[in-house]
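Q: Right, I'll just put the structure down here and ask away after.
Since every read-out is calculated from the coordinates, none of them should be taken as a lab result. Remember, predicted model here, so these are calculated numbers, not experimental data. No Cβ is skipped: glycine too gets one built from the backbone with ideal geometry, and neighbour counts run over all protein chains shown.
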Amino acid sequence: MRTSAVAGSFYPANPKNLKEKLKNCFSGIDKKDLGKDLIKGAVVPHAGYDFSGKVAAHVYANLPKVDTYVLVGPKHHFYGSPIAFSDDTWETPYGVVEVDLDITNQFIGSIIDKDEIAHQYEHSIEVQLPFLQYLFSDFKIVPICIGLHDPQTCMEVGRIIAQSLKNAGKNAVIIASSDFTHAGPNYGYYPPRGVKVNKFIEELDKKVIQKIIELNEREVIITAENDRSMCGSPAVAATITAVKELGAKRVELLKYATSYDVMPSSSAVGYAGIILC
């Protein structure tokens, strides 16, 4: 079992406190008329809930209940394979979530390796699970982390995901986990003199979000690399490829914010909640 790595830091470890935190995240959010059967994918942040929980909740409030949620995240460390799936059960304060083996078994022999170590300390997928557990029951997940930034490789991962879902006949949503620009002294990335850090972040994020809206996965990676504007561009690129293979044609930006909105500081991070239909 893959036990929680960040309960008690990114989100509350106590189930009662976690429920209250999530209730606050969803408070005041209006559902959009997006056509839930058309939703193929999403982009959500993975910071602590105090900072990005509200942005993530805008997406989760609009997701349909499906059989399987494919969760694609970056790797913030170098443990394990650079592209890896997990087929272990995942535990959070809300209980255990099963992996959809009908999907992961199809990855065997592909560029997506089975490697639990790659997921053991990575938070980008784990922090999504309580949102799903809060809203839904009786679902499975497919966790995939990607640590390579080569566009062709990321697109190949996306094609494998899409084909596996088609083969299994699964009703699924693919969720990419990514924060956006990290800037300020905490990250060694400084805005030009006289420009506030939140405005600097917003301008850079606007550029890469536009590439997501255009469903241009190659340019997402190139723009993010040039501007240092995303930590999860490989996950987003793979997700864009997959949802296009599954028929997605439009993108909706539901919510954008920065950590500066919550806690003004000389360092800040951007967050976006995006739906792909």
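Q: Does Lys249 fit the bill of being touching a residue at least 24 places away in the same chain (Cβ under 8 Å) and surrounded by 15 or more Cβ atoms within 10 Å (Cβ to Cβ)?
A: The answer is no for Lys249.
Q: Please go through the range 59-80 and pick out each residue that is in contact (Cβ under 8 Å) with a residue 60 or more places away in the chain and among the hydroxyl-bearing types (Ser, Thr, Tyr).
A: Those that are in contact (Cβ under 8 Å) with a residue 60 or more places away in the chain and among the hydroxyl-bearing types (Ser, Thr, Tyr): Tyr60, Thr68, Tyr69.
Q: Okay, next question. Does Ile161 satisfy being touching a residue at least 12 places away in the same chain (Cβ under 8 Å), farther than 26 Å from Pro15 by Cβ, under 16 Å from the mean Cα position of the chain (by Cα) and in a helix (DSSP H, G or I)?
A: yes
Q: Can you tell me which residues in the range 132-156 are in contact with a Leu (Cβ under 8 Å, 6 or more places away or on another chain), of a type outside the set (A, V, I, L, M) and surrounded by fewer than 24 Cβ atoms within 10 Å (Cβ to Cβ)?
A: Tyr134, Phe139
Q: Something else about it: Quick check on the range 197-213: of everything there that is in contact with a helix residue (DSSP H, G or I) (Cβ under 8 Å, 6 or more places away or on another chain) and surrounded by 16 or more Cβ atoms within 10 Å (Cβ to Cβ), which residue is nearest to Gly158 (Cα to Cα)?
A: Ile212
Q: Quickly run through the range 97-114 and pick out the residues that are in contact with a strand residue (DSSP E or B) (Cβ under 8 Å, 6 or more places away or on another chain), under 16 Å from Gly158 (Cβ atoms) and either among the aromatic types (Phe, Trp, Tyr) or not in a helix (DSSP H, G or I) (or both).
A: Passing the criteria: Phe107, Ile111, Ile112.
Q: Something else about it: Restricting to the range 169-196, count the residues that are under 24 Å from the mean Cα position of the chain (by Cα) and surrounded by 18 or more Cβ atoms within 10 Å (Cβ to Cβ).
A: Qualifying residue count, the range 169-196: 14.
Q: May I ask you to list pairs of residues, at least six apart or on different chains, whose Cβ atoms are under 6 Å apart, with the first in the range 189-211 being touching a residue at least 12 places away in the same chain (Cβ under 8 Å) and the second being of a type in the set (Phe, Trp, Tyr) and surrounded by fewer than 23 Cβ atoms within 10 Å (Cβ to Cβ)?
A: Asn198/Tyr260
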